[in-house]
Amino acid sequence: MEKRKPRPARSVKRMDIKLSQCFIAVDDHDKALAFYRDVLGLEVRNDVGFEGMRWVTVGAPSQPEVNIVLEPPLADPNASAADRQAMAELLAKGLLRGVIFQSDDVDATFERIRAAGGEVLQEPVDQPYGVRDCAFRDPSGNMLRFTQPRGK
């Protein structure tokens, strides 16, 4: 077997890439807003309707450059009934998306969300990879994790 020689390092201009938006599918925007805005404390940045669908943008006040878009499960007005049903079933099972939030006090975050009726998937626990975390489902079934670096 022939050994490959490593390529010499090239001078490459470094790109500055940052997260701008992520998307979470929701089946009821009003219930999603009650959770993301009222329970989690995210601010509403935009609320747009188009062709019978709705997109709501929320985000943490401490991260004005990062947006979470609450979108329809299938944002295609031409989708078939079978495709819509398939997406609704995946969403109900929590198989479409997941988001991880960071908290400075995961235990207090857990108690606040549980007290508001959040569906608990995992109580706070110290993980072997250096965080304490917990998990919930949002009103549409998406898994949300809340982490805190251990030692903080």
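The values are calculated or read from the model by the stated rules, or taken from the named source; none is laboratory data. Predicted model, so just to flag it, every value in this text is computed and none were measured. Every residue, glycine as well, gets a Cβ built from its backbone with ideal geometry; the counts of neighbours run over all protein chains shown.
Looking only at segment 9-34, filter to residues that are aliphatic (A, V, I, L, M) and either modelled with pLDDT of 90 or more or within 17 Å of V99 (Cβ to Cβ) (or both); which one of those is nearest to the chain's Cα centre (by Cα)? The extreme case among them is I24. Of the residues E65, E71, E119, the single one that is loosely packed, with under 12 Cβ neighbours inside 10 Å and not basic (K, R) is E65.
Taking the listed residues A115, A81, A108, the one that is over 15 Å from the mean Cα position of the chain (by Cα) and modelled with pLDDT under 95 is A81, with no other qualifying.
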